[in-house]
Each structure stands twice: as C-alpha cells, then as structure tokens.
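Only one structure is covered here, and it is reproduced in the block below.
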Amino acid sequence: MKKLLLSTLMLAFALITFGQAQKITIEDIWNDFKFYPRGVAGYTAMPKSDYYTVVKRGGIERYSFATGERVDMLVSNDDLDRLSNGAVNIRKVSSYEFTADEKKIMLAIDEESIWRRSTLAFYYVYDIAAKTLTLVADTNTKLHFAVLSEDGQKVLFARDCDLFYQDLATGKITQITRDGKPNSILNGYADWVYEEELDMSRAASWSPDGKKIAFLRFDESRVKEYNFALYDELYPTDFKYKYPKAGEDNSLVDVYIYDVATAQLTKVDLGDNTNCYFPRVYWLPNNDAVVIKLNRHQNQLDFIRYNTTTQQQDIIYTDKNDKWLDVTDNYYFLKDGKTMIVTSERDGFNHIYKVTLGGGIQQLTSGKWEVNAIQYVNEAKKQIYYTSNESGVVNRDLYVINFDGKKKTMLSSGDGWNEPSFSPNGNFYRNQYSNLNTLPKYTIRDAKGKELRVLNDNKNVQETMDQYGFVKRELISITTADGTQLNGWMMKPANFDPNKRYPVMMNCYGGPGSQQVENAYSSAQDLAFYQMLAQHGYISVCVDGRGTATRGDEFKKVIYQQMGKYEAIDQIGAANYLKTLPYVDGDRIGIWGWSFGGYLSALSMFRGDGAFKMAISVAPVTNWRYYDNIYTERFMRTPQENPDGYDLNSPTTYAKQLNGKYLLIHGTADDNVHFQNAMELVKALNEAGVEYDQFFFPNKNHFIMGGSTRTYLYNKLAKYILENL
C-alpha cells in the first residue's frame, strides 16, 4: 500500500515537472483567489518621521524606513477590543490616518460602499500616548467621512447631508449646515456624477491653521432622477437617485467658507454656476483658498485664488485645450505661496510646468513622451519626482528633476512599471514594481532609488502559477490597413506550434485616456482567465487603439466628438491583421469587453463586416445619450450640439448588421451604465430580427459581484467562448 501511494505521488510530481500542469478552473480564480497577488496590508507612511506602519493580526505596527526593524505596536488589537467593549478590532479597521504630529490616529470602522468612491463608516480617534478611543459624533449613525484638523484638536464630519465639527477636548459638536436633504441638498460631499467623473467624494477640508473650513454645497433639485427596481420584496422596491445624462442639467454647486471662531458662513462669489464645475478646492500656506473652475465643455481650467479675510479673488493660472482637459491631482502649491508645480498637455504631450501664481509659466520637461504623475515635490532640495513613459510607451519609470528643469535622472530600470509612494519628508518611498510577466514586488527604497528591502514579492503566488503552467505574454506591434501603428500583447497556449492555426479571443476596454497594454502585471484575475483559455488552445490578444493614453494629444484626441468611431476601426483593423498571421484561424476571432469595452466590442462586432465570429458585451453603454454628462460631454459635447456624433457611433444604429454569435450581459441595478442601455440594444436587435443571446443579473450593479456571482459570470463567459469560438 505504501509503495502504491509513493508511486502515485511520484507520478503526480512527474506530470507537473514535465509539463502536465494542473488545469485552471473559474473556481480557482474567483472563489479561491489562487492567482491574485497580495500587497502590504495597511501600509501608511507616517507624516513627519521616517517610519511606516502596517496592519498585522495583533494591530498596527511601526517600522523604521532606514533599518526595516519593527519599532513597536502603535495600536494593539487587545487595546481596541478593551476600549470599545468588543465593538472594535483590527479586522474591522477599513482605513486609518495620522494627525500631523503623529499623536493621534483616525480609524474608519465597518466601512460600507455607497458608490464607487464614497463610503459610510464609524470613525474613532485613538490617542497613542493616552491609549484612549473616542467615537466621532458619539452616535450609532455611520458618517460619510471624518477628517482631523492639522493640530488634531477638532474633527470635521458629514452626516445626513449636513456638516458638523467636534471639539475632541470637550466633545462638543457644532452643526455647520442645516439644509441637507437626500436627493436635494448635499453639504460637504459630492453628488453621484462629481464622484464618478471628477474623482472626488469628500468635498470639505480644514484650512492649515484649523480656523476655517471650505466645502462644496450641491443643490441637486433640478437634476432629473433615474430609478430602477430592486427585486427584493413581493412588490419590488423602486430605487431613485439623481443622475444627469448627456445634455441634461447638473447640480448647482456653490463654494462656502466657514469661520470656526465666529460661526460665520460665507458663500464665495464665483460667477455663474449653471454650466460649470468646481472639481477641486485647495488651501495655500497663508490660508487663502484656491478654487478650480472648469467650464461645461471641459476645455478650460481657471485657478481662482480667494482671500478668506478680504474676500478678494483673482485668477492665478489658466489651462486651455482645443478639445478637452482632464482634471487631475497634479497641482502642487509651494510653501512660498507664490509658485505651483503642475502638469499640462499644452504642447501636445503631458509635461511638467512651474507656474508663478498670476505670472509666468516655465516648462520643465519636454519631448514626445508623457509624464504620468508628479509623485513628490522636495522643496528643500528644489526637486520634483515624477513617473513617465520616456523609456517606452508601455513603461512607467521614476525620474527626478530640478526646479530649473535640469539634472534629470532616472531612478528605475527602464523596463517595467513602477508605482512609487513617497514618505512625507521624501527620504524614502515604497515602490510597487511589475512587468508583463512578473507579479508585483513591493520594496522600500531611498530617495536615490536604492532598494533597501523587500516587503512582499508574491513568490508564493508565482509558485502556484508555475504549478498551473502559466505561460508568458509577449508585446506585439500591429499596423492596420490605414497605416496606424498600435501596441498590443499576446498570450499563446503552452507548447505553441507555429504550424497550427489557433482561435483568438481579443479583450478590449479602449476608453479615452485608458491604457491596457502596459509592461505591467495588472488585472490579475482576467489574466488568469486568459491563462485558462490558453489551456484550452486559445490565443488571447489585447490592443490599445486610438483614443488611449500615453501617446500624446493627436493620438488620444482624434476621437473628439466621434467617440467610438476610431476605437472600433482599430479593433477591427487589429482583427484583420491577426487573420494574416499563419498561426491564427481567421474564421475564429472573438472580442469581449466590460463597460466601455462592452460598448466597443458590440460596435466592433456590428461594424466589423465579418472580422469577428463572436462577441460578448458586459454592462455596455449602447448610446452615449444614456450616459452621464460630465464623462460624455468631455469627449462628445452635448447631444444637442453633436447629434450625429452620438447616433453614428451607437451599436443600436447597426443592430441589423450583426452577423455572428453575440452575448449581452448586464446587472439590473447598475447605477453607472444603466440597464436601460441593455434594453435599448435588445429592442434594436429584436426589431432587426437577428439572433443573439442575453443574460441579466438581478439586483447587481456595474461590478456584478457578491457571493458566487463572479464565479457564475466567468463560467458563463468561458462556456460561451468554448461553445461558439
């Protein structure tokens, strides 16, 4: 019996060793997360000292950047449990942040999502020295946010659509606004469309001296409601919220300044607010505010300085573009109160500029490559750390350059994808590095780029992938029939035979300013799915077409007012190029995508003239008239201004041209890309009399998650591909 068992084990080992890899299942990917790389739980750089913290089972531990040694346990799980009578433990901590003096920590507990970026949570303030735990607002109601003043003495929070602050020494709570009302007036936090498209949730902040509060007030009363059914009762619940579609009215947004000492609330007069946006409010070191105002066409950004004492204002910087501008967080105001460092596409590529407030502009970087982001500004040494793709469109490297634009130095390898996170004093940074076939590796480095230690290299996940026979991807370049050169990646089956012909499954996103073809290991769960397809003999391909990022304005903004046209032309062109390869079965090419990718896969299928045998669209937009106005109008202007741009690039317009297998998937409670999109396409396909397949997920939003939903979804995708391609 022992000999039989030993022989069986040896045979199993031999099968793995000599290429008989384990078979990947959807359950491996989405139930067990076997191939999902891990990060560093709760990593946070402390605000003034050269230490960082991470979350462990016992609590929040402090480590030295320089030595890597554990210093102490700042917050123990036992203390949290004792101080809260069992209500708080480290497993319930969703996020945390320190006060500037590092004496207190704000803990977000039992966080739950509202939309994509907004949450509700209980907030506690933990005093490290005193070992006390204070519940913010002292209520059983969860808060939209809570933020400490820089001195750690007061906390600002939003509850039930209104703003409050609490004095932590006395416990006194002061109500700032009293007109908040759901689906009507929101004080201090963003409405749905600002959150989704301008990357913001909290819209309130303390001045540096803690004496004033700036916040946005959203009046949603004129915004039309969207409703959908939740199938949860005998009679389904009707869920309603404010959603401004393309060409429709937005919230009226006002900027207010609140004076803590006098309790005076002042509305900032910024002119007409009926057709503009206020996507950011910043504080200068002297406690003046800077409000960014964006016009409705989103091609002009004005930076307005506002003196909170005299109420005088002036425009200190303006950025313009003949098509559109992206609102970012690459705006750094220096301590001198006279200078800021920004990025702009004003020369056709995204680069760094030094701006004298209200004065001149100096370009610090230049070339036919793009700065991705400003990562850190060291004012003492007059240096700017930034990431860019100068070494290659698919790479992201870390550089440092002086304030005068000289002595540019690359601090990374020039091969792969780097995501640095600097300590507040700039002496160290945590770097996340990966490349096309290397899992994310987290390291601590000094300001010169020297690796000091490895926090996590995901070696155990790589070993699991090796057991399952994961194959490598390769970067490819495609030249379409009209001469456009596109970047892509390809994943071939193991034991690939160039003399055989393989089916190809293309995956796409393709939205404006996006990038899928990166020399990085991203979207790990989908990559594992493509590895599973490789085990079934499929080639997977991804191509970034026109409209995507990192190749300058000409490449990205050719889609202006005709979104979808060139994106589909390029996916079709890529498929036709693949047909010319001797190892590709040209009659078996499919395409799939999610969200914008679902839209693009449908449009490419319907207009492809036989380029694709099958397509799958998950949660697609089917006409941009149905999507929100901030996103859509940025690229298309309004339907009233550009009706043909909307209709000539809608999949519903070309429903009659469907020739092949097509699967439409959508969640009925999708607050982002409404289920209405699916219904409009279904109506068009029915009227056209063409065959198609559909599957809907009741009560699921844009992410189609929860319980075993993702497992079911990807099993559905796999089955459809295997049976129809």
State which residue is least open to solvent (accessible area, probe 1.4 Å) when the search covers only segment 341-359 and only residues that are at pLDDT 95 or above and among the small types (Gly, Ala, Ser).
SER344
For VAL355, all conditions in the list (1) more than 25 Å from GLU220 (Cα to Cα); (2) touching a helix residue (DSSP H, G or I) at 6+ places or on another chain (Cβ under 8 Å) hold save one; what is the number of the exception?
(2)
Residues that are under 18 Å from ASP138 (Cα atoms), out of contact with any Leu (no Cβ under 6 Å at 6 or more places or on another chain) and open to solvent by less than 30 Å² (accessible area, probe 1.4 Å), drawn from segment 90-105:
ILE105
Name the pairs: first residue in segment 397-425 and more than 20 Å from TYR332 (Cα to Cα), second residue in a strand (DSSP E or B) and open to solvent by 60 Å² or more (accessible area, probe 1.4 Å), Cβ to Cβ under 6 Å, at least 6 apart or on different chains?
ASP397/MET410
Checking ASN629 against (1) farther than 23 Å from ASN701 by Cβ; (2) surrounded by 22 or more Cβ atoms within 10 Å (Cβ to Cβ): exactly one of these is not met. Which one?
(1)
Among what's in segment 687-725 and is assigned to a helix (DSSP H, G or I), open to solvent by less than 60 Å² (accessible area, probe 1.4 Å) and of a type in the set (A, V, I, L, M), pick the residue that is farthest from GLN525 (Cα to Cα).
ALA688
Mind checking whether some residue in segment 467-485 is among the β-branched types (Val, Ile, Thr), at pLDDT 95 or above and more than 25 Å from TYR577 (Cβ to Cβ)?
no
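So which strands (runs of 3 or more DSSP E) stay within segment 419-515 end to end and still have 2 or more residues that are open to solvent by less than 20 Å² (accessible area, probe 1.4 Å) and under 22 Å from SER49 (Cα atoms)?
Hits in segment 419-515: 428-435, 438-446.
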Sort through LEU156, LEU133, LEU120 and tell me the only one that's open to solvent by 30 Å² or more (accessible area, probe 1.4 Å), of a type outside the set (Phe, Trp, Tyr), assigned to a strand (DSSP E or B) and within 21 Å of THR170 (Cβ to Cβ).
LEU133
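The rows are residues; the columns are (1) closer than 30 Å to LYS172 by Cα; (2) not acidic (Asp, Glu).
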| site | (1), (2) |
| --- | --- |
| GLU225 | no, no |
| LEU230 | no, yes |
| GLU233 | no, no |
| ASP238 | no, no |
| LEU252 | no, yes |
| VAL255 | yes, yes |
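Residues checked against (1) touching a residue at least 24 places away in the same chain (Cβ under 8 Å); (2) over 23 Å from the mean Cα position of the chain (by Cα); (3) part of a strand (DSSP E or B):
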position: PRO279; (1), (2), (3): yes, no, yes
position: THR343; (1), (2), (3): yes, no, yes
position: ARG346; (1), (2), (3): yes, yes, no
position: PHE349; (1), (2), (3): yes, no, no
Determine if segment 441-451 includes at least one residue that is in contact with a Pro (Cβ under 7 Å, 6 or more places away or on another chain) and under 22 Å from PRO420 (Cα atoms).
no
Working only within segment 261-293, note down all residues that are open to solvent by 30 Å² or more (accessible area, probe 1.4 Å) and not polar (S, T, N, Q).
ALA261, ALA263, LEU265, LYS267, ASP269, GLY271, ASP272, VAL281, TYR282, TRP283, PRO285, LYS293
Quick one: THR387 ticks every box in (1) in a loop (DSSP other than H, G, I, E, B); (2) open to solvent by less than 20 Å² (accessible area, probe 1.4 Å) bar one, so which box is it?
(1)
Check segment 575-585 and report whether any residue there is within 26 Å of the chain's Cα centre (by Cα), assigned to a helix (DSSP H, G or I), surrounded by 23 or more Cβ atoms within 10 Å (Cβ to Cβ) and of a type in the set (A, V, I, L, M, F, W, C).
no
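Yes or no: segment 36-51 includes at least one residue that is more than 22 Å from the chain's Cα centre (by Cα) and within 30 Å of LEU198 (Cβ to Cβ).
Within segment 36-51, one or more residues are more than 22 Å from the chain's Cα centre (by Cα) and within 30 Å of LEU198 (Cβ to Cβ).
With the condition being open to solvent by less than 40 Å² (accessible area, probe 1.4 Å) and closer than 15 Å to ASP671 by Cα, I'd like the strands (runs of 3 or more DSSP E) fully within segment 168-245 carrying at least 2 qualifying residues.
Values: elements: 173-175, 185-187, 204-206, 212-219, 225-230, 237-242.
So the answer is 225-230, 237-242.
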Considering residues of segment 144-153 that are part of a strand (DSSP E or B) and either out of contact with any helix residue (DSSP H, G or I) (no Cβ under 6 Å at 6 or more places or on another chain) or among the aromatic types (Phe, Trp, Tyr) (or both) only, the residue farthest from ILE185 (Cα to Cα)
LEU148
Failed condition for GLY68, given (1) closer than 25 Å to ALA169 by Cα; (2) over 29 Å from the mean Cα position of the chain (by Cα):
(1)
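The values are calculated or read from the model by the stated rules, or taken from the named source; none is laboratory data. Quantities reported herein were computed from a predicted structural model and do not represent experimental measurements. With ideal geometry, Cβ positions are generated from the backbone for all residues, glycine too; neighbour counts draw on all protein chains shown. To get the accessible areas, we keep the full protein, side chains included, count just its heavy atoms, and leave off ligands, DNA and RNA. Shrake-Rupley method; radii C 1.70, N 1.55, O 1.52, S 1.80 Å.
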